[in-house]
Amino acid sequence: MASTPKASTDVPSIAAEAVLAKSDFDSTNATVVKGYDFNNGIDHHALLSSYATCGFSATKFGLAVQEIIRMINKKLEVPVEDITDFNSHTNRRLSNCTIFLGLTSNLVSCGVRETIRYLVEHNMVDCLVVTAGGIEEDFIKCLGNSYIGAFNLSGKELRKKGVNRVGNMLVPNDNYCKFEDWVMPILDQMLEEQNSQGMKWTPSKVIHRLGKEINDKSSIYYWCYQNNIPVFSPALTDGSIGDMLYFHSHKTSGLVLDIVEDVRKMNNQAVTAKHSGMIILGGGLVKHHVNNANLMRNGADFSVNVNTGQEFDGSDSGAPPDEAVSWGKIKMDATPVKLCADASFAFPLIVAETFARYQQQFDQRLEKEKSLPVKTD
């Protein structure tokens with residue numbers, strides 16, 4: 001009987017070379033991947049800080065936090081009493097870093113509204129760019145509540161009941177009727193001022209006026225009015241405010257809004273900025289409007305985008321920061337961050353790790369600024 005050949009114990013060299021390839025990697029200055037150890041107890045600051053070394057989107061979160069802290073530190077670098085320059089279009093002191101905050105309307109429809117209100121209440125940002133829905137929804141929430149619903153509720157049944165769905169939130173249509181009752185007399189007064197006093201209205205002036213008239217501390221734009229933070233909404237007619245302007249034009253025609261004056265004011269915010277930081281939540285109009293203003297100064301120094309857009313379709317919403325660098329909207333030596341996440345859960349956590357930790361410094365600056373003389377022409 002023939003003997004069975006003895007099997008070779010040698011690993012094929014091609015497999016060994018493929019699997020056991022030697023590393024040529026210097027780990028001297030490399031960051032070790034490590035997450036939070038809950039054996040250390042529940043420490044939310046330590047937990048969120050650990051995201052930077054967790055990997056994946058958690059690390060992008062950590063990088064976004066670091067980029068915003070760089071903006072804040074640059075802004076606070078110069079004491080407010082040492083700032084003598086004013087923006088001639090907004091009459092705000094030119095801090096060492098002008099921070100632009102752009103956001104889409106859904107973030108005011110949801111509970112992120114309170115986070116945005118916190119930022120402007122404490123004068124932490126210098127300029128807002130918001131779509132029309134993000135303007136009216138703030139005022140509407142002062143007049144009536146929105147409620148948690150579900151994404152899969154029947155649109156047909158909701159329509160029969162006069163209830164509007166925003167994602168998984170519900171807004172009774174009565175709220176918009178209350179908004180009409182509140183805003184129409186203000187539009188009447190604005191038209192009267194235009195005709196009798198030569199007042200030239202722009203979207204930002206309308207928002208400023210509505211922020212004064214609402215007189216409600218839960219409102220984002222009440223605090224923008226109080227702290228003289230300009231709010232730009234170049235497509236202000238694309239929402240319920242547009243509906244009200246449409247209805248008002250049938251009642252009494254003639255009210256005019258000048259968008260050219262606003263784009264000049266918006267762009268000059270960037271042109272005159274000593275340093276510039278952009279925080280953009282969502283995409284579309286607000287993302288491009290903030291980026292394009294910063295093109296006028298050959299790019300922002302700091303930039304953080306939070307959205308879920310992808311670049312494969314060529315949309316501006318999904319475009320990564322490096323595309324903005326190619327246009328001159330972000331400086332070539334900047335360290336911009338894009339966090340792919342739903343801002344409704346990501347942004348409040350970012351604020352917790354950034355602006356909220358500097359509240360005392362911002363409040364001291366605001367108190368000091370209010371004691372200083374304002375610029376008079």
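The values are calculated or read from the model by the stated rules, or taken from the named source; none is laboratory data. The shown structure was predicted, so the numbers you read here are calculated from the model rather than taken from an experiment. Methodologically, a virtual Cβ is constructed for each residue, glycine included, from the backbone with ideal geometry; neighbour enumeration extends over all protein chains shown. The area values use the complete protein model at the heavy-atom level, side chains included, leaving out ligands, DNA and RNA. Shrake-Rupley method; radii C 1.70, N 1.55, O 1.52, S 1.80 Å.
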Would you mind getting me the FRET efficiency between Leu366 and Lys274? Use the beta-carbon distance for r and R0 = 25 Å, nearest 0.05. 0.85
Within the chain, longest stretch clear of exposed chymotrypsin sites (Phe, Trp or Tyr not before Pro) (DSSP loop, no more than 11 other Cβ within 10 Å): 152-311
Accessible surface of the chain, 1.4 Å probe, proportion on carbon and sulfur as whole %: 53
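Provide the per residue accessible area, probe 1.4 Å, for region 237-377, rounded to a whole number of square angstrom.
On a per-residue basis, 51 Å².
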What dipole magnitude, in Debye to the nearest 20, does the chain give about its Cα centre under +1 on Lys/Arg Cβ and -1 on Asp/Glu Cβ? 220
Length released on extending from Arg264 to Glu17, taking residue separation times 0.36 nm less the Cα-Cα span: 82.6 nm
Which listed residue (His89, Phe247, Thr335) has the Cα farthest towards the positive end of the charge dipole for the chain, taking +1 on Lys and Arg C-beta and -1 on Asp and Glu C-beta about the Cα centre? Phe247
Nearest-ten-degree value, helix 240-251 long axis tilted from longest Cα axis of the chain: 20
Measuring from label point to label point, each 7 Å out along Cα→Cβ, what is the Asp10 to Asn168 span in nm? 6.1
Ser196 to Ser49: FRET efficiency via 1/(1 + (r/R0)^6), r the Cβ-Cβ distance, R0 51 Å, to the nearest 0.05? 0.35
Residues with beta-carbon under 12 Å from that of Asp243, excluding Asp243: net charge, scoring Lys, Arg +1 and Asp, Glu -1? -3
Calculate the spin-label point distance for Phe38 paired with Lys178, positioning each point 7 Å from the Cα along the beta-carbon direction, and give it in nanometres. 4.0
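Which net charge results when you count Lys and Arg as +1 and Asp and Glu as -1 among the other residues whose beta-carbon is under 11 Å from that of Gly111?
+2
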Compute the acute angle (0 to 90°) between the alpha-carbon long axis of helix 132-143 and the principal axis of greatest extent of the alpha-carbon atoms of the chain; round to the nearest 10°. 70
Once amide hydrogens are built 1.01 Å from N within the peptide plane, the residues lying 5 or more places from Asn228 or on another chain with amide H under 5 Å from its amide H are none
